[in-house]
Amino acid sequence: MEKTIYNSLIQIISKVQGLDINPAEDRLIEIEMPRQETFGDLSTPVAMTLSKRLKKQPRKIAEEIVELIDSKDIYEKIEIAGPGFINFTFSRQFLSKKLSELLISGQDYVKEDVGHNKKIQIEFVSANPTGPLHLGHGRGAALGGSLSNLLRETGYHVVNEYYINDAGRQVKLLGLSVYARYRQMSDAAYPFPEDGYRGDYISDLAKEFVEISSKDHIDSLTEDDLVSEITDFSYKKMLNEIEADLEAFGVVFDVWQSEKELFKGNSTSEVQRAINDLKDRNYIYEQDGALWFRSTEFGDDKDRVIVKNDGEYTYFASDIAYHRYKIEQKYDELINIWGADHHGYIPRINSVIEALGYPKDHLKVLLVQMVTLLRAGTPVQMSKRSGEFITLREVIDEIGADTTRFLFLTRRPDSQLEVDIEVAKAQSQENPVYYVQYAHARINSIFEKAKETGAVDLGADADSGTGLYAVKLPDFNPDLFNDEEMRLIKKLLTYPMVLKNAALAHEPHRITFYVQELAGMFHPYYHRNRVVSEDRALTATRLNLCKAVQIILRHGLKILGVNAPDRM
RNA sequence: GCCCCCUUAGCUCAGUCGGAUAGAGCACAGGUUUCCUAAACCUGGGGCCAGAGGUUCGAAUCCUCUAGGGGGCACCA
């Protein structure tokens, strides 16, 4: 729909007198969905944009443009309105033709090639493997998972990556905490590390370790070896749990990159090679016995230490190596999704990208704001150390993965989110996710009915339980569509535009809103119009529309990572 | 002290890289089932877009300041 207008405008504007520009450049031609129906189906403010350059009145320019549009059969009318908008209203024939295309190509109809197969890596969650994922991680997971679905559907080659902080102090602390719990099993007075992890899962890990290890084996180890074995066991166990939780949440990673790996090989390690690289580029110097990275060169507040005066690498050192490693994989674009509490880290990581010779925007950091957790109105303290936190798993079990994902994706990532567990549970009957899913299921049920009456033949070799997706539809007669149905069709045909814009903006939540709007049009339609009736031609026509709605709903939900059930 | 994000209806939030008269859902009040699923539908009231300036044909949107909320400013991770 959008493309039809865009292409004709491109042609026309290049013919407009006195214009010395390429209309394809500068996003000169914008096409938007007007908020009022009286303003047509799509509209463009391009005449107003051009008025500056042409020094002519917008309405005059609009008139010239409209004059030159020749494909009158596509539009029912083209109007100039307000300060100079050109409003397009499509013809019934054109819209019906587009509807047929949608029905014929199904899910493929929406394939918008925005990405042109660009390689893009998204790193997200990357929580320390020192405990279960909490709800905040869930928000990052929901965004990352859906963004990667969105970009894949719009022609990008996407790799999802999880960076495992398995080398630093936190993992050591995990090991020491579990070790202390192990010792306490026989000696209750054994001291617990001061900033150790205090959650119940620590004791569970200790117990499990004892269960799988023979006593002889444990006794044969020195204390240091035992600690390191426990550490290894513990973080791997946590990592498995994290992976399982993410899978239950519908998020799958292509690559699990270990930080430890970056240190392998000493002088030839990724970390060392990254430091050497920066040294060669003159961004490294020594001071006070430490090694510094000159990040102020690129706008950071202060230079950053990468090797401390005790010879230990900082966390930042492996981060430099990791990002250099990413760059070497020849991605066209890198995306990191971080919790907002890490935002202070952005300038220094951008400095790394620039120091390595890449433009700053080669890496985009998307921040996910904090999730404040409430239980019946009172905040739940979240602290891994004290062990007081609500896990993602717990929330999935209580309110379901679909609801949780949908909830996260109905907010812009950069606004803080309050989740009241009790409210989320209590509202489960009125939750917007069910509203959308129900529309999908309801359409299925209409087709079941149609099958009973013999109006349609549900194929047996289907890709879904009921066979709806293999159904052979009877022909429809576009003249039978009423106004409400035409509105629904127009809404369906704007979906590719929404998808494209969401992909460009990296904003999956736009799909959430679209899908709610579509369901919000379908339910009332259903109540006012009987689909399956005595009238064969009308039934056929309406079934086609229902299927189109379902195709789009299913596609949208797929991007969000939410199930599209056949029955509820 | 410095930096980042947020502030839109009673509540939770949208608002398309500046566009036409600012929108949903929830909540609240009332109504709908001999009919393809009532997890649905219909009707109704609701707004100084935090405040003040500025930029321009046009500002909830961009800039400056102020107020409130959250977060960050390590040779920690």
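Which whole-number percent gives the relative contact order of the stretch A:169-248, counting Cα pairs below 8 Å spaced six or more residues apart?
41
Amide H to amide H under 5 Å from residue A:75: which residues, 5+ apart in sequence or cross-chain, H placed 1.01 Å off N in plane?
Residues meeting the criterion, in which the H sits 1.01 Å from N, are A:91.
With bins 10 Å wide starting at 0, give me the P(r) of chain A over every alpha carbon pair, in whole percents.
3, 14, 20, 21, 18, 12, 7, 3, 1, 0
Could you run the Karplus curve 6.51 cos²θ - 1.76 cosθ + 1.60 with θ = phi - 60° over the stretch A:528-537 and give me ³J(HN,Hα) per residue in whole Hz, x for Gly and Pro?
9, 10, 7, 7, 8, 9, 5, 6, 4, 5
Only loop residues by DSSP count here, and only those with at most 13 other Cβ atoms within 10 Å; note down the GluC sites (Glu not before Pro) in the stretch A:152-250 that meet that.
The qualifying sites are A:194.
Send over the semi-axes of the stretch A:431-560's equivalent ellipsoid, whole angstrom and largest first, taken as the square roots of 5 times the C-alpha gyration tensor eigenvalues.
The three semi-axes for the stretch A:431-560 are 26, 17, 13 Å.
With Cβ to Cβ distances under 12 Å as the rule, what net charge do the other residues near residue A:328 carry (K, R +1; D, E -1)?
Residues close to residue A:328 contribute a combined charge of +2.
Between helix A:223-248 and chain A, what is the angle of the helix's C-alpha long axis to the longest principal axis, kept within 0 to 90° and rounded to the nearest 10?
Roughly 10 degrees between the two axes.
Would you grab the residues whose amide H sits under 5 Å from the one on residue A:197? Only those 5+ places off in sequence or on another chain, please, with H modelled 1.01 Å from N.
Excluding prolines and chain starts, which carry no amide H, the hits are A:177.
Pull up all non-local amide H partners of residue A:420: gap of 5 or more, or a different chain, and H-to-H distance under 5 Å with H placed in the peptide plane.
A:374
State which stretch of chain A is the longest one without any exposed trypsin sites (Lys or Arg not before Pro), exposure meaning a DSSP loop state and at most 14 other Cβ atoms within 10 Å.
Counting at most 14 other Cβ atoms within 10 Å as exposed, the longest clean stretch of chain A is A:331-529.
Let me have the relative contact order for the stretch A:1-150, percent, based on Cα pairs under 8 Å that are six or more residues apart.
15
Between Rg and the Kirkwood Rh of the stretch A:169-248, both from Cα atoms, what is the Rg to Rh ratio?
0.97
What is the distance, in nm, between label points placed 7 Å from the Cα along the Cα-to-Cβ direction at residue A:157 and at residue A:286?
Taking the two extended label points, one gets 4.3 nm.
Which whole number of Å³ per residue matches the convex hull of the alpha-carbon atoms in the stretch A:395-453?
91
With every protein chain left in place, what is the accessible area per residue of chain A in square angstrom, probe 1.4 Å?
47
Suppose every Lys and Arg Cβ carries +1 and every Asp and Glu Cβ carries -1, with no other charges. What dipole size does chain A come out with about its Cα centre, to the nearest 20 debye? Please report the intermediate quantities before stating the final value.
Values: 69 positive and 87 negative charges, 383 e Å.
Here the size comes out at about 1840 debye.
Quick one: 3J(HN,Hα) in Hz for the stretch A:63-80, Karplus 6.51/-1.76/1.60 with θ = phi - 60°, rounded, Gly and Pro as x.
In residue order, the calculated couplings are 4, 4, 5, 4, 4, 8, 6, 9, 6, 5, 6, 7, 10, 7, 7, 10, 10, 9 Hz.
Can you give the calculated 222 nm mean residue ellipticity of chain A, where each DSSP H run of n ≥ 4 adds -39,500 (n - 2.57) and the sum is split over every residue, rounded to the nearest 500 deg cm²/dmol? Can you show the working numbers first?
Details: 20 runs with 273 residues, N = 568.
About -15500 deg cm²/dmol.
First compute the accessible area of chain A with a 1.4 Å probe, then give the percent of it belonging to carbon and sulfur atoms.
Values: 12310 of 26660 Å².
Within chain A, the accessible surface is 46 percent carbon and sulfur.
Find the eigenvalues of the gyration tensor of the Cα atoms of the stretch A:2-90, then list the square roots of 5 times those eigenvalues as equivalent ellipsoid semi-axes, largest first, in whole angstrom.
19, 14, 12
The values are calculated or read from the model by the stated rules, or taken from the named source; none is laboratory data. The structure displayed is predicted, hence computed values, not measured ones. Positions of Cβ are generated from backbone atoms using ideal geometry, with glycine treated the same way; all protein chains shown enter the neighbour counts. When the accessible area is computed, the model is the full protein with side chains, heavy atoms only, and any ligands, DNA or RNA have been set aside. Shrake-Rupley method; radii C 1.70, N 1.55, O 1.52, S 1.80 Å.
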